[in-house]
Amino acid sequence: MTCKKIMAAALLWAALTASVGAFDYNQSVDEIAENPLTAYQTVYLGMPRADFDANFSVLSDWTFYGSTVSFTERAERTSIVKNISVTEGIEIFSADTSAKGKVLAFDNYFKTTDKATAKSIYSRLVATIYSNMENFPVRQSDKEVEWAQDDVSITVAFDGQKDAKGQYIVYVRRYNNKILK
């Protein structure tokens, strides 16, 4: 009986820790940065809002925050690795609130309470995007790097400061610079 209890406890622990650490944020950083004009090779500027909804509302490890009245929608997921929590998110900004509304801009972001992790994510994003862009950055500082390719601007930013919720945020923003500049 004791062996069965130990085995059941081990299985329960494995199930709980597997759901908490369901994704590797470093892999997500690489996927987002490999092709800087898209995210996850499914989100792109000009895509219909309904496609974003369809993609992210059905993923079991993402929490989808849809809206029929807001120009923004987002999805998030969280992972805990070595006691460090990282929330990965994507937020779109559309031309209108209809299903046919086109995505004009979108952000990928990573939130964590660990500054070293946030710095590492920022450095990894900048290095990977830098190697995948055709042009050099049009603007660069210690907190932000911006590239322009055709009609699209791509900005990676990390200001090193905690937000009101005590989190460091690293983001990659893509927008059509002819429409939103």
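The values are calculated or read from the model by the stated rules, or taken from the named source; none is laboratory data. Predicted model, so just to flag it, every value in this text is computed and none were measured. Glycine gets a Cβ as well: all are built from the backbone with ideal geometry, and neighbour counts include every protein chain shown. Surface accessibility is based on the protein's heavy atoms, side chains included, excluding ligands, DNA and RNA. Shrake-Rupley method; radii C 1.70, N 1.55, O 1.52, S 1.80 Å.
Residues being among the aliphatic types (A, V, I, L, M), at pLDDT 95 or above, under 24 Å from Asp114 (Cα atoms) and surrounded by 13 or more Cβ atoms within 10 Å (Cβ to Cβ) are entirely absent from segment 161-168.
Ala99 meets the conditions (1) open to solvent by less than 30 Å² (accessible area, probe 1.4 Å); (2) outside any strand (DSSP E or B) in every case but one. The failed one is (1).
A quick yes/no check of all residues on (1) over 14 Å from the mean Cα position of the chain (by Cα); (2) among the polar types (S, T, N, Q); (3) in a helix (DSSP H, G or I); (4) at pLDDT 90 or above:
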| position | (1), (2), (3), (4) |
| --- | --- |
| Ala18 | yes, no, yes, no |
| Phe23 | no, no, no, no |
| Asn26 | no, yes, yes, no |
| Pro36 | no, no, no, no |
| Asp51 | yes, no, yes, yes |
| Phe64 | no, no, no, yes |
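The set of residues in segment 129-146 that are open to solvent by less than 30 Å² (accessible area, probe 1.4 Å) and within 15 Å of Val29 (Cα to Cα) contains only Ile129. If you go through segment 37-85 and keep only what is touching a Lys or Arg at 6+ places or on another chain (Cβ under 6 Å) and within 27 Å of Gln149 (Cα to Cα), you end up with Gly46, Pro48.
For segment 134-170, a tally of residues being in contact (Cβ under 8 Å) with a residue 12 or more places away in the chain and under 16 Å from Tyr44 (Cα atoms) returns 7.
Condition check for Val58 on (1) open to solvent by 30 Å² or more (accessible area, probe 1.4 Å); (2) not in a loop (DSSP other than H, G, I, E, B): one failure, at (2).
Applying the criterion of being at pLDDT 90 or above and not in a strand (DSSP E or B) to the residues of segment 70-82, the residue that is least open to solvent (accessible area, probe 1.4 Å) is Ser70.
The condition of being in contact (Cβ under 8 Å) with a residue 24 or more places away in the chain and touching a Pro at 6+ places or on another chain (Cβ under 7 Å) holds for only one of Ala105, Ala99, Ala50, Ala39, that being Ala99. Scanning segment 147-159 for residues that are surrounded by 13 or more Cβ atoms within 10 Å (Cβ to Cβ), under 20 Å from Ser85 (Cα atoms) and not small (Gly, Ala, Ser) turns up at least one hit. Quick check on Val81: is it over 11 Å from the mean Cα position of the chain (by Cα) and more than 21 Å from Tyr25 (Cα to Cα)? So Val81 fails the test.
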